[in-house]
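Notes follow the structure.
The values are calculated or read from the model by the stated rules, or taken from the named source; none is laboratory data. If you're wondering where the values come from, they're calculated on a predicted model, not measured in any experiment. Quick reminder, even Gly has a Cβ in these numbers, built from the backbone with ideal geometry, and neighbours come from all protein chains shown.
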Number of protein chains: 2
Amino acid sequence: MDARAKPQRLTACSGCAMAPLCEAAEPQPGLPAVSCRVRLERSERLFTAGEPQDAIYAVRAGFLKATVPVPGSGEHIVRFLLPGEVVGLEGIEAKRHATSAIALEACEVCEVPLRRAQFLSDAYPAVAVHLRRLLGNQLARTQSQLAALTHLSAPQRVAAFLLDVALRWEDRGYAGRAFRLPMERREIADGLGLTIETVSRLLADFRARGWVAVRGREVEILDAESLANCPRVAKA
Amino acid sequence: MDARAKPQRLTACSGCAMAPLCEAAEPQPGLPAVSCRVRLERSERLFTAGEPQDAIYAVRAGFLKATVPVPGSGEHIVRFLLPGEVVGLEGIEAKRHATSAIALEACEVCEVPLRRAQFLSDAYPAVAVHLRRLLGNQLARTQSQLAALTHLSAPQRVAAFLLDVALRWEDRGYAGRAFRLPMERREIADGLGLTIETVSRLLADFRARGWVAVRGREVEILDAESLANCPRVAKA
DNA sequence: CGCCTCATTGAACTCCGTCAAACCGTGTGG
DNA sequence: CCACACGGTTTGACGGAGTTCAATGAGGCG
């Protein structure tokens, strides 16, 4: 029998970025359907960098991380994936995964075969536009992240991270102020280019200031304003 | 009369990433043509973040920089643009520029109207595929850069930067070992998330080791192997 | 309870940023 | 032709933000 833990919440497809590629206008002969059956446990891989790619994916429940190999420095996190978000776009034409996607907790993922995406793009200009929009938005977001991580101080990075997750969590329709970070400190640190200890210290610092309530992996934003204006130097 | 300096070299269109969008199979009534006339002087802007966008661009001659605004920290460089490379893809459907593009020297840029790109994508699946490939490759590259800049040490970043430019310069058909960096140290430092002084010191250090020959903005790679294996700590 | 992993806290170190001065290359004017 | 000015670059000395090393604390699960 299947002893796998069941993901807590399923996201409504209505808010999913992949929706236009799932709801095909009419079924076509030989058009591969969306298979939504992919279940993952913590630290299971959805795909791995370097492998041939034949699908793109939307997260239905649970958090994942996207990593890229850095020559001489192992794999590093470039992005956390929340329910409703899409992953695998970078290889949509290269047909080869540039990143790995790894579950941070029990997850459910929808798989859209590339053949399906391509057919729908060719048949419906609106789908092609949607795909380009997803790609473009993802690129813009990654560029902003790149500039932010290389120019913000450690406290600013942690503050920005908390606000970013809160905002995206809220966009999914949940209450944005309180949420759970399913990843470990090690993974938060990796994604921010910091160390475990620095992240831990800064979270403690933010709590001492009354900006957040943190207990383990549960987080509540108490003062978003102060977090957003977090100064370069934490000591006050 | 036009006192503008003439760009030194024009790249052959054959190697340009935008080529499939310029060479339209057959002229269509009302299809906007590619206009290749954009000339820029050092520090002139091709476009600015936040502005409405109605074209994408390919660099024909000269270097540019792409910057994004970072809240509370001004504009920062996310990418240098070499001849034959494409810029503006992130806004192809958002219709609004997420980045600014600024000339680092006398430049010539080809402008492809979005209407043209969209028409060709709808009419020719191969063009749509090409656009998605450009977008995907750019995304993959930006993700790698993100992970590298947040996890590599200062010496490793400078070494990686030199090798990256050398490789891209070689891809354009020039001799890759020796090239000119038209940007100032300030701009190199900004793109790498470092300071002018650190960049200057590390270039001097690399020269002292015999890894590169640097005189002003002229660079020659002497020992690519050592640069690629540049240790986390420069001191030996 | 006992064991393990993850998280927190403390202390010492170090890479890199900051401040400051000297050094160039280039253009300008006498 | 040289003197001068000016922006960019290099080099030096110092300090601090963040890492590294180390020890303690807190959950989770058999």
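Just one of A:G72, A:G15, A:G91, A:G30 is under 24 Å from B:A148 (Cα atoms) and surrounded by fewer than 17 Cβ atoms within 10 Å (Cβ to Cβ); which is it? Just one listed residue meets the conditions, A:G72.
Filtering the range B:17-50 to residues that are touching a helix residue (DSSP H, G or I) at 6+ places or on another chain (Cβ under 9 Å) and either among the acidic types (D, E) or in the same structural domain as B:F179 (by TED's automatic domain parsing) (or both) leaves only B:E23. Based on what the data block shows, is B:A126 over 14 Å from the mean Cα position of the chain (by Cα), buried (at least 17 other Cβ atoms within 10 Å of the Cβ), within 11 Å of chain A (Cβ to nearest Cβ) and assigned to a helix (DSSP H, G or I)? When the stated conditions are applied, B:A126 does not pass them.
The set of residues from the range A:168-185 being under 18 Å from A:A224 (Cβ atoms) and of a type in the set (D, E) comprises A:E170, A:D171.
Can you find even one residue in the range B:191-208 that is away from DNA strand C (no atom under 16 Å from the Cβ) and either free of Cβ contacts under 8 Å to residues at least 40 places away in the same chain or touching a helix residue (DSSP H, G or I) at 6+ places or on another chain (Cβ under 6 Å) (or both)? No, the conditions are met nowhere in the range B:191-208.
When B:A58 is tested against (1) within 17 Å of B:L134 (Cβ to Cβ); (2) within 14 Å of chain A (Cβ to nearest Cβ); (3) aliphatic (A, V, I, L, M); (4) surrounded by 23 or more Cβ atoms within 10 Å (Cβ to Cβ), only condition (2) is not met. Residues in the range A:159-190 that are touching a residue at least 40 places away in the same chain (Cβ under 8 Å) and in contact with a Gly (Cβ under 7 Å, 6 or more places away or on another chain) were compared, and the one that is farthest from A:A66 (Cα to Cα) is A:G173.
Condition check: charged (D, E, K, R), within 16 Å of DNA strand C (Cβ to nearest atom) and either under 15 Å from the mean Cα position of the chain (by Cα) or modelled with pLDDT of 95 or more (or both). Does B:R180 satisfy that?
It is true that B:R180 is charged (D, E, K, R), within 16 Å of DNA strand C (Cβ to nearest atom) and either under 15 Å from the mean Cα position of the chain (by Cα) or modelled with pLDDT of 95 or more (or both).
For the range B:64-123, filtered to residues that are over 16 Å from the mean Cα position of the chain (by Cα) and polar (S, T, N, Q), the residue that is farthest from the other protein chains (Cβ to nearest Cβ) is B:Q118.
Being assigned by TED's automatic domain parsing to the domain that holds B:G74, touching a residue at least 40 places away in the same chain (Cβ under 8 Å) and of a type in the set (S, T, N, Q) narrows it down to one of B:Q156, B:Q138, so name that one.
Exactly one residue qualifies, and that residue is B:Q138.
Within the bounds of the range B:20-39, is there any residue that is within 14 Å of chain A (Cβ to nearest Cβ) and touching a strand residue (DSSP E or B) at 6+ places or on another chain (Cβ under 9 Å)? Checked the range B:20-39: at least one residue is within 14 Å of chain A (Cβ to nearest Cβ) and touching a strand residue (DSSP E or B) at 6+ places or on another chain (Cβ under 9 Å). When the strands (runs of 3 or more DSSP E) confined to the range B:137-236 are screened for residues that are of a type in the set (F, W, Y) and either more than 11 Å from DNA strand D (Cβ to nearest atom) or within 12 Å of chain A (Cβ to nearest Cβ) (or both), those reaching at least 1 such residues are found at B:178-180.
Take the range A:110-156 and flag every residue that is of a type in the set (S, T, N, Q) and in contact with a Pro (Cβ under 9 Å, 6 or more places away or on another chain). Passing the criteria: A:Q118, A:S121, A:S144, A:S153, A:Q156.
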